[in-house]
Amino acid sequence: MDRLGSAIAGARPRVVAALAARLRDLDLAEDAFSEAAASALAAWPSQAPRDPAAWLWRAALRKALDARRRAAVRARAAPDWPEPPPTPEDVLMAADGPIPDERLKLIFVCCHPALAADSRVALTLKVVCGLSTDRLARAFFVGEPAMLQRITRAKHKIAAAGVPFEVPQPDAWPERLEAVLATLEVAYAQAYEDAALAGQAAGFAQDVLRLSGMLAELMPDEPEALGLAALVRFAEARRPARLDDRGAMVPPPEQDMALWRRDLIMEGARLLGRAAGHGRSGPRQILATIHATHCARLETGRTDWATIAALYEVLAEIRPHAPVLVNRAVAIGEAQGAGAGLAALGRIDGLEGWLPYQAARAHLAARDGRPDDARRAYEAALGLGPAPAEQLYLEAQRRSLPG
């Protein structure tokens with residue numbers, strides 16, 4: 001992604017959320033941002049703005065207001081008159097005012113209980129985070145047409161139900177909490193799988209770090225909110241060590257611990273301790289504990305794979321989902337031997353087209369002394385479009401195989 005594309009992608013979540021809150025129309029917000037982005041690609045090469053996000057916010061809102069005026073004119077069956085004189089609102093929009101940060105509000109809107117549970121997270125990731133439909137389909141293991149239909153139905157439901165574009169009162173938060181947490185978790189997973197933050201989800205890491213902290217402050221008695229905030233901090237603490245000098249991904253056991261951020265690790269530990277104090281465990285707290293166990297290498301000098309494998313066993317009972325099962329197999333391979341890990345991986349069906357599965361199969365096969373199987377799995381993984389840092393790592397691992 002080039003510099004202009006990165007600036008537009010980075011601004012999208014905040015600008016679309018602000019537009020949706022202002023216009024109370026999800027489709028209009030997305031369409032207006034797309035038009036503003038097209039204008040930016042034409043205008044910015046000759047004169048880049050000082051603040052790309054503010055430029056996109058003003059341009060998109062103007063385009064949305066223009067679209068509404070044209071629609072009103074057409075509805076009256078009158079000609080499309082020349083542009084009217086600027087209104088006070090237009091004058092205000094021309095000023096360099098701050099962009100209201102409405103992302104948390106829009107997440108609560110998209111997670112409204114009027115929507116089907118499987119639609120809330122997908123809609124939020126599409127509207128708030130800007131994930132493409134094909135990437136959402138891969139994340140949820142469904143076909144692209146099915147995902148597009150799910151998102152379209154959810155948008156229509158919000159419009160038909162007159163869902164208010166506002167953060168609900170605290171007594172209504174619990175019924176939306178699971179969807180809100182799931183949205184942030186999936187968004188962060190998209191950023192986590194890209195060690196160099198070079199792709200579409202580049203901005204998600206810092207966004208989720210901040211938003212999960214806000215949720216933990218707003219809902220201090222919800223252990224899963226605290227667990228998610230802890231999880232993100234443990235993972236982000238290790239990001240500075242996730243790339244080598246060539247820009248290739250570095251797996252957790254090989255990372256230089258001197259580069260880890262101790263401040264985030266300590267913050268994560270405090271949040272996880274507060275979550276544990278409530279005595280109500282959940283999947284995000286277990287995931288946070290797994291990440292905390294990786295971070296404990298700072299103190300012990302070794303990774304406790306037996307504990308990590310045991311935690312994944314517990315998590316698999318709650319969430320028998322593909323990422324959990326694959327990571328469980330990798331942990332078993334580290335704790336009990338590569339053969340045991342391959343056996344656990346072999347019991348998972350239907351993931352041959354999923355990159356993490358093939359990468360895990362390649363790693364375990366190489367560890368088990370099966371270079372031909374490992375080479376085929378590395379080639380399969382490379383054929384599934386890894387992010388740049390992951391591609392460099394996989395290519396290096398393939399080259400290191402004997403034979």
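Name the residues in segment 377-388 that are more than 24 Å from the chain's Cα centre (by Cα) and crowded, with 16+ Cβ neighbours inside 10 Å, would you?
Within segment 377-388, Ala377, Tyr378, Ala380 meet the criteria.
Residue under question is Ala154, and the condition is that it be part of a loop (DSSP other than H, G, I, E, B), closer than 30 Å to Gly5 by Cα and either in contact (Cβ under 8 Å) with a residue 24 or more places away in the chain or in contact with a strand residue (DSSP E or B) (Cβ under 7 Å, 6 or more places away or on another chain) (or both); does it hold?
Working: part of a loop (DSSP other than H, G, I, E, B): no; closer than 30 Å to Gly5 by Cα: yes; either in contact (Cβ under 8 Å) with a residue 24 or more places away in the chain or in contact with a strand residue (DSSP E or B) (Cβ under 7 Å, 6 or more places away or on another chain) (or both): yes.
No; evaluated as a whole, the condition is false for this residue.
Quick test of your reading of the structure: Asp171 fulfils all but one of (1) of a type outside the set (S, T, N, Q); (2) touching a residue at least 24 places away in the same chain (Cβ under 8 Å); (3) surrounded by fewer than 20 Cβ atoms within 10 Å (Cβ to Cβ). Name the failing condition by number.
(2)
Would you mind stating whether Ala32 is over 22 Å from the mean Cα position of the chain (by Cα), outside any helix (DSSP H, G or I) and either modelled with pLDDT under 75 or not polar (S, T, N, Q) (or both)?
Numbers: over 22 Å from the mean Cα position of the chain (by Cα): yes; outside any helix (DSSP H, G or I): no; either modelled with pLDDT under 75 or not polar (S, T, N, Q) (or both): yes.
Judged against the criteria, Ala32 is not a match.
Do we have any residue at all in segment 347-360 that's at positive phi, of a type outside the set (Val, Ile, Thr) and at pLDDT 95 or above?
Looking for residues that are at positive phi, of a type outside the set (Val, Ile, Thr) and at pLDDT 95 or above, one finds none in segment 347-360, hence no.
Go through segment 107-147 and count every residue that is among the aliphatic types (A, V, I, L, M), part of a helix (DSSP H, G or I) and buried (at least 16 other Cβ atoms within 10 Å of the Cβ).
11
Kindly list the number of the only condition in (1) within 25 Å of the chain's Cα centre (by Cα); (2) part of a helix (DSSP H, G or I); (3) surrounded by fewer than 22 Cβ atoms within 10 Å (Cβ to Cβ) that fails for Thr307.
Here Thr307 clears every test but (1).
Could you tell me whether segment 353-365 includes any residue that is without any contact (Cβ under 8 Å) to a residue 12 or more places away in the chain, under 23 Å from the mean Cα position of the chain (by Cα) and within 25 Å of Gln190 (Cβ to Cβ)? Before you say what the answer is, go through the steps one by one.
The first filter runs over segment 353-365 and keeps only residues without any contact (Cβ under 8 Å) to a residue 12 or more places away in the chain, leaving none.
Looking for residues that are without any contact (Cβ under 8 Å) to a residue 12 or more places away in the chain, under 23 Å from the mean Cα position of the chain (by Cα) and within 25 Å of Gln190 (Cβ to Cβ), one finds none in segment 353-365, hence no.
Residues checked against (1) within 19 Å of Pro388 (Cβ to Cβ); (2) in contact with a Lys or Arg (Cβ under 8 Å, 6 or more places away or on another chain):
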| residue | (1), (2) |
| --- | --- |
| Val167 | no, yes |
| Pro170 | no, no |
| Gln190 | yes, yes |
| Asp221 | no, no |
| Glu236 | no, yes |
| Leu243 | yes, no |
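Among the residues of segment 1-29, what is the count of those that are of a type in the set (D, E, K, R), touching a residue at least 24 places away in the same chain (Cβ under 8 Å) and assigned to a helix (DSSP H, G or I)? Talk me through it step by step, then tell me what you get.
Here is the first cut: in segment 1-29, the ones of a type in the set (D, E, K, R) are 2-3, 12, 14, 22, 24-25, 27.
Now drop any that are not touching a residue at least 24 places away in the same chain (Cβ under 8 Å), which leaves 12, 14, 22, 24-25, 27.
From the residues that got through so far, the ones that are assigned to a helix (DSSP H, G or I) too are 12, 14, 22, 27.
Residues meeting the conditions: 4.
Please enumerate the residues belonging to segment 188-242 that are farther than 20 Å from Gly279 by Cα, part of a helix (DSSP H, G or I) and among the aliphatic types (A, V, I, L, M).
In the first step, residues of segment 188-242 are kept if they are farther than 20 Å from Gly279 by Cα; the result is 188-214, 232-242.
Right, trim to part of a helix (DSSP H, G or I) and you get 188-192, 204-214, 232-237, 239-241.
Within segment 188-242, Ala189, Ala191, Ala205, Val208, Leu209, Leu211, Met214, Val232, Ala235, Ala237, Ala241 qualify.
Out of the residues in segment 203-231 that are more than 19 Å from Ile107 (Cα to Cα) and buried (at least 18 other Cβ atoms within 10 Å of the Cβ), state the one that is nearest to the chain's Cα centre (by Cα). If you could, list the steps in order and put the result at the bottom.
Let us first name the residues in segment 203-231 that are more than 19 Å from Ile107 (Cα to Cα), namely 221, 223, 230-231.
From what is left, the residues that are buried (at least 18 other Cβ atoms within 10 Å of the Cβ) are 223, 230-231.
Values: Pro223: 21, Ala230: 16, Leu231: 13 Å.
Per the stated criteria, the residue is Leu231.
The values are calculated or read from the model by the stated rules, or taken from the named source; none is laboratory data. If you're wondering where the values come from, they're calculated on a predicted model, not measured in any experiment. When we count neighbours, we look across all protein chains shown, and the Cβ atoms used for this are built from the backbone with ideal geometry, even at glycine.
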